[in-house]
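Below is one structure, written out as structure tokens; the observations come after it.
The values are calculated or read from the model by the stated rules, or taken from the named source; none is laboratory data. What you see is a predicted model; the values in this text were computed from it and never measured. Using ideal geometry, Cβ is built from the backbone for each residue, glycine included, and neighbour counts are taken over all protein chains shown.
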Amino acid sequence: MSAEPDKNFRLEQACASDDSIQQVHAQLQKTKPEKKEGYPLLPLGILGLMCTVVFFGSIYLAHNSIRFDPLVFSEEASREKPGALKIVPLTRAQLGKKTYDMTCIACHQATGLGVPGQYPPLVGSEWVLGSEERIVRIVLHGLNGPITVEGKEYNNVMAPLGGALKDEQIANAISYVRASWGNNAPEVTPETVAKVRAETAGRNTYWTAAELEQAGK
Amino acid sequence: MNSTPDNGRTEQMEIDASAKWPVLFIFAHALAWLIVGGALELASVIQLHTPAFLATCEWFTHGRLAPAAQNALVYGWGFNAAFAFGLWLMARLSATTLRHGGWLFVAAKFWNVGVFLGVAGILAGYSTSFELLEMPRFVTFLLLAAYAIIGVWCVTTFSIRNTENVFASQWYLFGAAFWFPWLYAVAQLMLFRAPGRGVLQPVVHTWYVHGLYGLWFVPVALAAAYYLLPKILGKPISNYYLAPLAFWWLAIATAFAGGSRLIGAPVPVWIPTLGTVANFMLVVPVVLIGLNLFGTLAGRYASLSGSVTLRFVLVSMLAFVFASVLNFAFSLRGFAETAQFTLLSGLRDWLIFYACFSTAMFGAAYFIMPRLTGQEWRSPALVKIHLGTTVLGVGLLTVGLAWAGWHQGRLLNDPALAFTDVSKAMVPWFTFRTGGLALLLLGHAAFLVNFALIAYPFNLSGTTPAQINPPPDLSLSKGPALEVLKA
Amino acid sequence: MKNGLALFFGVFAALALSWAGLLLTAHRQIGSLSQFKDPADETLHPQPMSGLASQGRLVYQDLGCVTCHTQQVRREGFGSDLARKWGQRGSYARDYIRDETVLLGSSRTGPDLRNAGNTELRAYADAGYFYQLLYAPASVAPGSLMPAHAFLFDVHPVAGRQPSALALKLPSKFSPGPGLEVVPTARAQALVAYLQSLKDTYDYPIERSRNAPAAKPKEGGH
């Protein structure tokens, strides 16, 4: 390096040959520099830093990896083991959707609104929300003739489903209808369906609206 | 090997002569990409505050222009500069000539053709949508083949070394030479050839991106710093016995730290946590390297006034420390919550790539070119412009974008603020960023002109052949003894 | 470190360790994450995209939308993604298993798009909205920094024919002029189909219960 710095930046002079750089540093690597005032603190300080970093790093890892669970992406999730997977039983209404989608949806539609003038709606229908046994009767033996639903007249045929569907399926489907699209009525049990089936065992014709109103309940 | 100054000098001249044309050729490409990439980046940054700029042309829509610019700068400028510097340094430190340099021309040509096709492919719409891996699949083999030649040259030069001792710069170059192709090949395999399912892709991707910055660009920058400081100051690296520990710790921790880019992402939480812990661990090598480098510079700040190389290297070192601090901050969930997805996350990467790596390469170039060409730098004015704009630009952009990014994060996390209001608030900052990048581009243009003047055999009067004095041997003792050494 | 071979093994081990520890482990954990079968109606989630939407995803990649848009909704309590109606819940890993290329993104110059097609959150986000957004962003989002993608549309004179059914309804300030109509090209239609397919509505019960915040505060003082 020149005694006066070359402010023109045209050329950088080197102050050490490559050989000597390598030799000197190889020596330095093997031997630590001589101890001067305050010097021995440095290795201790670095050792302390390393230990601190490893210690806090491990704690952080243990606290925030949540059992290395592949499905957990939140570090605030519970660190406890999920335990045995509890089978949450589905409600009748949830199970009934399958039956509804298989059978009833064709006429009453996925929205439960039916087809105006042809198939009556189930949404808000007094026939659905009213007596349990009445609706079970309809499903078991079908319905024929004029019927007023929510103020509108319908005149069509609903096929009997007592032969095609089991009690459990009927109970589920009706529960689904009574709990969907804003409807809010209690579920219907298979026992109710069985009871009504037994009561009306001899019947082999469609119901009419008039008959059902007469039967009451 | 204790050669007399004359022998040493001849050997050095031989080494430099063998390296001259390959290194100049590669570095010329690097500078070309620096300007082209810089222009593309400027255009893409203008589009952020003036969306109508170039919006009618499908090739320059922002979603294509920004990745094209980034890839041009990283794979064009970054890699070419690293190749040029790495090959020269490895040859010098292995005290052996660069053999069969003709193959390096071939490799450099293939690499640059690959990058050109890749950038053109992105602009044409064949982007893969993974940051820094956007280049279409058909360039992969071209790049890997070109890299293989260069990597093999670097490693072979190391293995036929004439020296008994291996210096820190050589470890870093050696490591980088292997880490990049493995990172790149594995990422290409696991993302494109046999794509992982679902969020496994971002996990591989962040591993690659963090590895590219931390295991390729940082090691090359550190190799430059470790070499240039003792070379110019004539003082050994302080606390050098810590250097091997720093090297290994840096390597292992950086490799695991990619997950820290996925905080809050829909991946298993242990992945970002592991990345965060790895970033904690990186504190140790950063401290050790800081001790090495800043310790060497301690008490010698006066020599900065005479050395443009050292000034660039100082900027690079400061940027390394600051980038590491920012990286560490990003691993903290509270910080990441605000700073993710903003200008700050871009700043983190830019600091490593530009402020740390590119400045180190500039500094190294100012040192190497006179030795290769035998000429002095023609225009000190251009050197000062380059230095001034770089220092000013890096400083302004770092502070400005850090503040802007934090502000952007706070605005994004305020649900009461409509998104378009956030955009409007950021427009002045995007304009600021354009200004900063334009400033840097000005400096690059000055550098390009100076490089052209020194590298090409213009028969102009006024060129001074470089009078390179044989450097003295480094001694273990530091301090006043060095004042005795004369130019 | 003089020995080149030792250096090589060290360098290899440093990377191999991370590949095994991070990538391989992640692959074993989530590399074969499968669809979830809803117990009530036995449908599989996430559901596949339509063919047109898959093509649209390719257009999304081609135009580089991931440069400015993320597709990851952060969970409740971490950022304000949910408050901004960018999703009904934080994104889960399982949401992405049917995406051939996962476009998580890393920059929010524009809003998050993971639920761009979720009309429960944003009733206005129908096809017409997206077409207008792509053709002239300022027409539906004044002040937005999104560039116009007019090249995705075909502007031609109506010239006495029937106007196209797909022609955009633009406010007069943005319409190209009298007698001209703006019709989306096939790419635009695919892209909009993709955007409309982006909705993560299903709430996976296992992920929901495992990610529920821990009930009691963390014990100890770390």
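Against the test of being within 7 Å of another protein chain (Cβ to nearest Cβ) and either buried (at least 16 other Cβ atoms within 10 Å of the Cβ) or in contact with a helix residue (DSSP H, G or I) (Cβ under 9 Å, 6 or more places away or on another chain) (or both), the options C:58, C:82, C:63 yield a single qualifying residue, C:63. The number of residues in region B:420-444 that are free of Cβ contacts under 8 Å to residues at least 12 places away in the same chain and in contact with a helix residue (DSSP H, G or I) (Cβ under 7 Å, 6 or more places away or on another chain) comes to 0. If you filter region B:280-308 down to residues that are polar (S, T, N, Q) and touching a residue at least 12 places away in the same chain (Cβ under 8 Å), you find that the one that is nearest to residue B:352 (Cα to Cα) is B:292.
One residue is enough: does region A:158-169 have a residue meeting the conditions in a loop (DSSP other than H, G, I, E, B) and among the polar types (S, T, N, Q)? The answer is no; no qualifying residue exists.
Here's the yes/no breakdown for (1) crowded, with 22+ Cβ neighbours inside 10 Å; (2) free of Cβ contacts under 8 Å to residues at least 60 places away in the same chain; (3) within 19 Å of residue C:103 (Cα to Cα); (4) more than 10 Å from every other protein chain (Cβ to nearest Cβ):
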position	(1), (2), (3), (4)
B:200	yes, yes, yes, no
B:203	yes, no, yes, no
B:209	no, no, yes, no
B:217	yes, no, no, yes
B:226	yes, no, no, no
B:238	no, no, no, no
B:243	yes, no, no, no
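Only one entry of B:341, B:362 meets the criterion of being buried (at least 22 other Cβ atoms within 10 Å of the Cβ) and at positive phi, and that entry is B:341.
Condition check ((1) touching a helix residue (DSSP H, G or I) at 6+ places or on another chain (Cβ under 7 Å); (2) within 18 Å of residue A:93 (Cβ to Cβ)) across all residues:
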{"position": "A:117", "(1), (2)": "no, no"}
{"position": "A:137", "(1), (2)": "yes, no"}
{"position": "A:181", "(1), (2)": "no, yes"}
{"position": "A:191", "(1), (2)": "no, yes"}
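Being out of contact with any Lys or Arg (no Cβ under 8 Å at 6 or more places or on another chain), more than 7 Å from chain A (Cβ to nearest Cβ), modelled with pLDDT under 90 and under 30 Å from residue B:387 (Cβ atoms) is a property that residue B:295 lacks. Which one of B:342, B:309 is within 11 Å of another protein chain (Cβ to nearest Cβ) and closer than 30 Å to residue B:263 by Cα? Result: B:342 is the single residue among B:342, B:309 that is within 11 Å of another protein chain (Cβ to nearest Cβ) and closer than 30 Å to residue B:263 by Cα. For residue C:122, are the conditions met, namely being within 21 Å of residue C:142 (Cα to Cα) and in contact (Cβ under 8 Å) with a residue 24 or more places away in the chain? It is true that residue C:122 is within 21 Å of residue C:142 (Cα to Cα) and in contact (Cβ under 8 Å) with a residue 24 or more places away in the chain.
Just so you know, in region B:154-176 the residues that are farther than 17 Å from residue B:364 by Cβ and among the aliphatic types (A, V, I, L, M) include one that is surrounded by the most Cβ atoms within 10 Å (Cβ to Cβ), and it is B:166.
Selection within region B:156-198: residues that are outside any helix (DSSP H, G or I) and of a type in the set (Gly, Ala, Ser). The member of this set that is farthest from the other protein chains (Cβ to nearest Cβ) is B:194.
A quick yes/no check of all residues on (1) at pLDDT 95 or above; (2) over 13 Å from residue C:63 (Cα atoms):
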| position | (1), (2) |
| --- | --- |
| B:112 | yes, yes |
| B:115 | yes, yes |
| B:120 | yes, yes |
| B:123 | yes, no |
| B:143 | yes, yes |
| B:150 | no, yes |
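Which one of B:277, B:325 is touching a helix residue (DSSP H, G or I) at 6+ places or on another chain (Cβ under 9 Å), part of a helix (DSSP H, G or I), on the phi < 0 side of the Ramachandran plot and surrounded by fewer than 23 Cβ atoms within 10 Å (Cβ to Cβ)? Only one candidate qualifies: B:325.
None of C:100, C:76 is farther than 24 Å from residue C:26 by Cβ and part of a loop (DSSP other than H, G, I, E, B) except C:76.
Taking helices (runs of 4 or more DSSP H) as the structural unit, those lying wholly within region C:108-220 and holding at least 1 residues that are in contact with a helix residue (DSSP H, G or I) (Cβ under 6 Å, 6 or more places away or on another chain), among the charged types (D, E, K, R) and buried (at least 17 other Cβ atoms within 10 Å of the Cβ) correspond to C:186-197. No other residue among A:154, A:176 is at pLDDT 90 or above, under 24 Å from residue A:92 (Cβ atoms) and aromatic (Phe, Trp, Tyr) apart from A:176. Pick from B:323, B:329, B:278, B:339: which is closer than 30 Å to residue A:73 by Cβ, in contact with a Lys or Arg (Cβ under 7 Å, 6 or more places away or on another chain) and not polar (S, T, N, Q)? Criteria check complete, one pass: B:323. Within region B:245-274, the residues that satisfy the criterion of being assigned to a helix (DSSP H, G or I), in contact (Cβ under 8 Å) with a residue 60 or more places away in the chain and facing chain A (nearest Cβ under 10 Å) are B:262, B:271. From the list C:141, C:136, C:148, the lone residue that is modelled with pLDDT of 90 or more, closer than 19 Å to residue C:56 by Cβ, small (Gly, Ala, Ser) and under 21 Å from the mean Cα position of the chain (by Cα) is C:148.
Answer with yes or no whether residue B:269 is buried (at least 24 other Cβ atoms within 10 Å of the Cβ) and touching a Phe, Trp or Tyr at 6+ places or on another chain (Cβ under 6 Å). Against the criterion (buried (at least 24 other Cβ atoms within 10 Å of the Cβ) and touching a Phe, Trp or Tyr at 6+ places or on another chain (Cβ under 6 Å)), residue B:269 qualifies. Scanning region B:176-194 for residues that are aliphatic (A, V, I, L, M) and farther than 12 Å from residue B:141 by Cα gives B:176, B:177, B:183, B:186, B:187, B:190, B:191, B:194. Contact annotation: residue pairs with Cβ atoms under 6 Å, 6 or more positions apart or on different chains, pairing a residue in region A:88-108 that is more than 14 Å from residue A:189 (Cα to Cα) and facing chain C (nearest Cβ under 7 Å) with a partner that is hydroxyl-bearing (Ser, Thr, Tyr) and in a helix (DSSP H, G or I), are A:97/A:176. Of all the residues in region B:185-208, those that are over 30 Å from residue A:71 (Cβ atoms) and in contact with a Gly (Cβ under 9 Å, 6 or more places away or on another chain) number 0.
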